[in-house]
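Quick notes on the structure that follows.
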């Protein structure tokens, strides 16, 4: 469908939306600030709609601009990336774009408690969110066990390692270049009871 055909179809769509909602031209005029005569011409197709008219009309009818103009659906939004498995971990990329923050789903089946952690460092920043299972995270001097719904954020220049505790664990990981960060931070437990600062 070309632009002229798409715009020609807007008039009947506007009339159908207004009638469906039981709104008069005067009520729609009051809601949008567009004169009754202009609304009538838009609906009949004798006037071509402009963006400054379409936006308030979409808002008044409670539809998106795409719905109002009958825009074609976008391409398939699904991500079809191949998983990579190594050392008891399956990594499923969830993003395709190069650079910036990358998203992964990680499934760790190799129980990390059976071997000694071997922390590593590299440039970047990482955010982890546990979906299921229990995850052991060694980060610098911290040795943490995280459960479903818990998140951690850290600079990957700090020595770090993570693995499954007592069965498979599934996590979401966001990894970005140095300086790009998410907004949640894992906080160490306070020492000395609830009143410690």
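List of remarks:
- Residues satisfying the stated conditions in segment 134-160, i.e. surrounded by fewer than 16 Cβ atoms within 10 Å (Cβ to Cβ) and within 18 Å of residue 117 (Cβ to Cβ): 140, 141, 142, 143, 144, 145, 157, 158, 159
- Given (1) modelled with pLDDT of 80 or more; (2) not assigned by TED's automatic domain parsing to the domain that holds residue 170, number of the condition residue 75 does not satisfy: (1)
- Residues that are surrounded by fewer than 17 Cβ atoms within 10 Å (Cβ to Cβ) and at pLDDT 90 or above within segment 7-37 comprise 24, 26, 27, 30, 33, 35, 36, 37, listed in sequence order.
The values are calculated or read from the model by the stated rules, or taken from the named source; none is laboratory data. All values derive from a computational prediction rather than experimental measurement. As a convention, Cβ positions derive from the backbone with ideal geometry for all residues, glycine included, and neighbour counts pool all protein chains shown.
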